[in-house]
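Working notes, beginning with the structure itself.
FYI, it's all coordinate maths here, none of it is from the lab. Owing to the predicted nature of the structure, the values given are computational and were not obtained by experimental measurement. Here the Cβ is made from the backbone with ideal geometry for all residues, glycine too, and neighbour counts use every protein chain on show.
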Ligand code: NDP
C-alpha cells in the first residue's frame, strides 16, 4: 500500500459521506467528494479536508447520470494523481406503501443506489492499484426488514451484496478488496435522530441508540486501512444490534 493515498467519496457533502471524507483525510488521504444539490456544503467539507493538511476536491456529479459518475472517478484520478479508495456512499431513500411506488421511484432508486455503484466501481477498477479498496454503504435493511414501506430501498441495498461479492472475485486477483459497510439508523438529514420514526428505530436496537456518523466512518476507515487487507466480499454491519 503506497504511503500517499487518494479517496473518492460519493455524496460527501453531508451526513455519512461527509464524516467518511473527513475521517479518511484525518487518516492521511487526499479526498474528492461528489455532491448533487449542495455546493456550499461540499465546499465546507473541502475546506475542512484542506484544514487537515490534505487536498480536497468537490465534484458536482448526480449519481443518476451515468456519464457524470464515470467522469467523477476519472477526474479524481486526474486531479489528485490516482485513486486508492472508492467509497460508494451517495444514496436515496424513497419509503412508502408498496401500492404507491411509481415506476419513476423504482427507476430512480435503482439508478442511484445500484447502477451508479456498479458504474463507479467499474470506472475505479481502471485506476485502483494493488491494495485498492471499494467500500459501498449498504444498509441493515438489506438483510432484515422490520416493517412495511421499505421494499424498494431494501431491494436496492440487497443488490449491493451480490455486486460486492462479484467485485471481490473480479478484482481479488489484482489485490483489490470490495466490501460493504451496512449502517443501521444513523443520525443524518435522511434519518434524523429526533424525527417522527426515530423512537421506534431506537427501541429496535440492542444498544438503545442511533449511530453517530463517525461510527460508520470508523468502519470505513478500518476496511480502507492496512487492517482490512484480507477482508473482501463481505458486509460489516454497524447497526447497534438492530438485526441481532
Ligand atoms: P443524507 O441524505 O443525509 O446525505 C446524502 C448525501 O448523498 C449528500 O451528500 C447528497 O448530496 C448525496 N446525494 C444524494 N443523492 C445524490 C445523487 N443523486 N448524486 C450524488 N450525490 C447524491 O444521507 P445519509 O448520509 O443518511 O446516507 C448516506 C448513505 O448511507 C446512503 O447510501 C444511505 O442509503 C445509507 N444509509 C443511511 C442510513 C441512515 O439511517 N442515515 C442507514 C443505512 C444506510 P447533496 O448534499 O448535494 O444533496
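Peptides 196-208, 12-24 ordered by packing proxy, namely the average of other Cβ atoms within 10 Å per residue, highest first: 12-24, 196-208. Only helices enter this figure: runs of n ≥ 4 DSSP H residues, each worth -39500 (n - 2.57), summed and divided by the residues of the chain, yield -12500 deg cm²/dmol at 222 nm to the nearest 500. Most mobile of 143, 232, 76 per a Gaussian network model of the chain (Cα springs, under 10 Å)? Result: 143 has the largest fluctuation of those listed. Site pair residue 206 and residue 102 shows an inter-label distance of 4.1 nm when each label is modelled 7 Å from Cα along Cα→Cβ. With an a/c value under 1.5 for the gyration tensor axes a ≥ b ≥ c computed over the alpha-carbon atoms, the chain is described as rounded. Could you tell me whether the range 1-79 comes out rounded, prolate or oblate from its Cα gyration tensor? Rule is a ≥ b ≥ c as square roots of the eigenvalues, rounded for a/c under 1.5, then prolate if a/b exceeds b/c, otherwise oblate. Here the range 1-79 falls in the oblate category.
Against the chain, whose longest principal axis comes from its Cα atoms, helix 151-171 is set at around 30 degrees. Taking Cα atoms only, the orientation of helix 213-224 departs from the longest principal axis of the chain by about 50 degrees. When the chain is treated as a Gaussian network with alpha carbon springs shorter than 10 Å, the biggest mean-square fluctuation among 103, 171, 80 belongs to 103.
Seen through its C-alpha gyration tensor, with square-root eigenvalues sorted a ≥ b ≥ c, the range 53-117 comes out prolate because a/c lies at 1.5 or above while a/b is bigger than b/c. Reducing the range 38-69 and the range 191-235 to their Cα centroids gives an inter-centroid distance of 22 Å. What is the angle, in °, between the Cα long axis of helix 116-125 and the longest principal axis of the Cα atoms in the chain? Nearest 10 is fine, range 0 to 90. That helix lies at roughly 20 degrees to the long axis. Peptides 147-155, 116-124, ordered by how many other C-beta atoms sit within 10 Å of their residues on average, highest first, read 116-124, 147-155. When the chain is treated as a Gaussian network with alpha carbon springs shorter than 10 Å, the biggest mean-square fluctuation among 215, 84, 170 belongs to 170. Considering only alpha-carbon pairs that sit under 8 angstrom and 6 or more positions apart, the relative contact order computed for the range 5-238 is 20 percent.
Spin-label model, residue 226/residue 44: points 7 Å from Cα along the beta carbon direction are separated by 3.5 nm.
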